[in-house]
Amino acid sequence: MIEIKTEKEENKSLKAFNSFGFEAKARYFAAPDSENKIMSLLDDARKHDIPVFVLGGGNNVVFTKDFDGLVLCPKIESISIISEDSVDILLDIGAGVVWDDFVHYTSYVNFNGISGVENLAGIPGTVGAAPVQNIGAYGMEVKDAIFTVRGIYIDDNKTFLLKKSDCQFAYRDSIFKNSLKQKTVITCVTFKLSKKHEYKLDYGNLKDELAKYDKINLRNIRQAVLDIRAAKLPDPKKLGNAGSFFKNPVVERSEVERLMEQFPLMPTYPVDNPDASRDKVKLSAAWMIENCALKGYRQNNIGVHHKQALVLVNYGGGTAQELIDFSQMVQDRVFDKFGVKIEPEVVLN
Ligand code: EPU
């Protein structure tokens, strides 16, 4: 048995820590609420050669087996304004703050709120997990609001401070999913938000939803986004799921031309990334899955959600293996029909 001085538990069930609700155990589990506690846990794990897995809210992870190591769930819950001028405001937010609590908070700061994350209301998970997959929704991505990301390297306890431009943000992607994958513990994210509100209302039916309100402000935008989400995304507390299970595939424009000849109604979107080539186009994985007649399709305990085809759900009692087999079937069907590979957005561990 290892002697970790900070509070930790042994043989902890991860069922409540993954939004699919799959059964898996962690040999050790800890939810440290300070950088010092994280460092002391990492020290001990290193001394005893125990692997570490960093978990945010568990909304984007599927545990395929028990984890014979330490699952570390940072619980730093601080919120502080570090500077402001007449336009911008910089806020330091602890990695353990629930993402939507932060969005809620921003809509009240300075009474009228500060803008930059309002369209990301209701995304499950923590602030520390947000930069990892560059969460996005309704025409907004978190990268546009991030100033810096702070954390600790798992290998040597050194701290780091990455500027937004060093984080290699792209569509549902960042350095934390690539060269720094499971190599760091993010402890704090600094956001640069604006007192001059510039709303982004052009995505989907956001404007229509807002027509129900007497005025457009941050609180109403947040509520409108929450209502749109609630209408088609299943609540993970009631039905196991991880939001979008697949990423929308980004393909060459020439590929799209081929597809449009055969499927003229297929939706396409520009790629929102200045580094990406103009020759790339984003397709809708949900549309392709739906057009394979898989929307609402269910095999035993796992299925495609009946209101949003990108979302796979565990109706209860399903296993991670069932989910993996099911998702492979969905990928194969899409590939057979469209010749396009769709890839999971969730992390399979
Ligand atoms: N569509 C279908 N069938 C469906 C759902 C959608 O054909 O069942 C088509 C429609 O043509 C629709 C288009 O897909 O116009 C786009 O649908 P939607 O606006 O619902 O967005 P999405 O591409 O399916 C993405 C994000 C969601 C985010 C929404 C809204 C990814 C992988 N997913 O989904 O993010 O909420 O946009 O911005 O990019 C998540 O990542 O967990 C997530 C829920």
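At a glance:
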| quantity | calculated |
| --- | --- |
| Hz values of 3J(HN,Hα) by residue in segment 177-185 - Karplus curve (6.51, -1.76, 1.60), Gly and Pro given as x | 9, 10, 5, 9, 4, 6, 10, 9, 10 |
| Relative contact order for segment 79-232, counting Cα pairs under 8 Å that sit 6 or more residues apart, in percent | 30 |
| Two-decimal ratio, segment 79-232, of alpha-carbon radius of gyration to 2.2 N^0.38 Å | 1.05 |
| Within straight-line cross-link reach of LYS307, aspartates and glutamates at Cα separation under 17 Å, skipping those fewer than 8 residues along the same chain | ASP227, ASP235, GLU290 |
| Check: segment 240-348 dipole with +1 on Lys, Arg Cβ and -1 on Asp, Glu Cβ, in debye | 260 |
| The chain: relative contact order in percent, alpha carbon pairs under 8 Å with at least 6 residues between | 16 |
| Relative intensity, log₁₀ I(q)/I(0), of segment 240-348 from a Debye sum that treats every alpha carbon as a point, q = 0.22 Å⁻¹ | -1.16 |
| Sites LYS341 and ASP144 - FRET efficiency at Förster radius 25 Å, r taken between beta-carbons, to 0.05 | 0.35 |
| ASP214/LEU90 FRET efficiency (R0 41 Å; Cβ-Cβ; nearest 0.05) | 0.80 |
| Choice from ASP214, ASP227, ASP144 with maximal GNM fluctuation in the chain (Cα, 10 Å cutoff) | ASP214 |
| Candidates per GluC sites (Glu not before Pro) in segment 197-293, loop by DSSP, up to 15 other Cβ within 10 Å | GLU198 |
| Translational diffusion of the chain, µm² s⁻¹ [Kirkwood Rh, Cα pairs; Stokes-Einstein; 10 °C; 1.306 mPa s] | 75 |
| Using θ = phi - 60° and Karplus 6.51 cos²θ - 1.76 cosθ + 1.60, couplings along segment 288-303 (whole Hz; Gly, Pro as x) | 5, 5, 4, 7, 9, 6, 9, 5, x, 6, 9, 10, 6, 9, 10, x |
| Of the trypsin sites (Lys or Arg not before Pro) in segment 188-297, those whose Cβ has at most 11 other Cβ within 10 Å and which sit in DSSP loop | LYS196, LYS212, LYS215, LYS237, LYS238, ARG278 |
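Computed from the coordinates by the stated procedures, all read-outs in this text should not be read as laboratory data. Everything numeric here is computed off the predicted structure, so don't read it as measured data. Backbone-built Cβ (ideal geometry, glycine too); neighbour counts: all protein chains shown.
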